[in-house]
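The values are calculated or read from the model by the stated rules, or taken from the named source; none is laboratory data. All of these numbers come straight from a predicted model, not from anything done at the bench. FYI the Cβ positions are ideal-geometry reconstructions off the backbone, even for glycines, and counts take in every protein chain you see.
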């Protein structure tokens, strides 16, 4: 059955209406420079400044005796020839950049986003709108100076993403909103909205000083931000800090025992590396926001180079809420997800873009989960989630029996599962606490496993299969009979949830006002 598109009277900026008319368009004029032109200029500058004598000697053998290249050119009266060669090289480079820009085009229709590129070898990539997993906008600092941004459309599969590098920064957010609107099952009435007019300098300054999240993009109460003190604390209580402290202690012991200070020379690169890691993580984590919009969860971060991505509903296949031992006294947690695709950009602290909340307290975790699973997180589910994060008792979970202590001596009291409305919950870990949430419509299959030792103890292990990612939704050392009952019930509820799921066209049920 074909789902009808609902026409919603939404104003579309004129530039976005032009870019989504189904015709072929070109990218930002500065694209060749931003995609490698600057790097080429730097390399040529290095060659000219450091190897100019060798380069000149290749074309003028008489110059091999040495001397200043400029004096040689002037004294031999070949100024015009050299200038002509330099001009020819510049024309060749500019011509190559121009042809590359002319041959790199894209179009956006009601069904696909398509990109064509290449001079000698042509490449054509398409992204179906109904298969979009997310849209990421990255604004590197140099690109921001040119008023440009990179738009990446994520699709399921390896190396299946489509890149629009680069577009006008002013139109990138509106263009993403229009693409997501079409993917959601609605069709906007294309009425050109007024575009602010100002000088080029004013537009660049406004773009650089603009807040990371537009106040009109999401209601303020739905925005989750990382507290600055919490950010500092999470950085210095992380795994990297523990490694750095151990290295320093080891170096101090070595110096005190041997009396040799040369080990400091070997430690210096490591110190510089850790320093750069902390500076990069802190600068990238500033202005970190997670907000709920009408087209999904929006995650943004960055101070100089910014990145923000919108994840449409139904694109998150599993969620993990975890807490390390060092974070437990402060009550901090981290949220990661499994997605069907991954963007090429990295998250704050250079971690994978599957980390949605780098650090947050219990209130932040609850707010983010409600943003990601609005249909599944209610009052009853919230109570299960909180107990799954912090409790060691049953609290609605089916825990491992006492005999599982032979295999889980510390965590058998927390090791358990629960089935709630719309979600499946797995709880495990005593030292490193984890709570895994799998939305029922995203479940692909469920499996049971029982080896010789588990069979001897009348136990079994459970695994919920979702898309590949950093989260493995498995649970070991569960009572055998409880595992069999869980297997039967999960298989039934997953089929019903999949039949009722409409998140792939999340706004198709909207009616025009």
- Residue in the stretch 396-417 that is nearest to residue 433 (Cα to Cα), counting only those that are in contact (Cβ under 8 Å) with a residue 60 or more places away in the chain and part of a loop (DSSP other than H, G, I, E, B): 415
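Look at residue 465 and say whether it is without any contact (Cβ under 8 Å) to a residue 40 or more places away in the chain and within 26 Å of the chain's Cα centre (by Cα). Give the derivation first.
Numbers: without any contact (Cβ under 8 Å) to a residue 40 or more places away in the chain: yes; within 26 Å of the chain's Cα centre (by Cα): yes.
Criteria met by residue 465.
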- Per-region count, the stretch 127-155, residues outside any helix (DSSP H, G or I) and loosely packed, with under 15 Cβ neighbours inside 10 Å: 1
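Only one of these is assigned to a helix (DSSP H, G or I), buried (at least 17 other Cβ atoms within 10 Å of the Cβ) and modelled with pLDDT under 80: 70, 82. Name it. Reasoning before the result, please.
On the way: 70 fails: buried (at least 17 other Cβ atoms within 10 Å of the Cβ).
Of 70, 82, the one residue that is assigned to a helix (DSSP H, G or I), buried (at least 17 other Cβ atoms within 10 Å of the Cβ) and modelled with pLDDT under 80 is 82.
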- Item | Search result, residues across the stretch 423-440 that are more than 15 Å from residue 388 (Cβ to Cβ) and touching a helix residue (DSSP H, G or I) at 6+ places or on another chain (Cβ under 7 Å) | 440
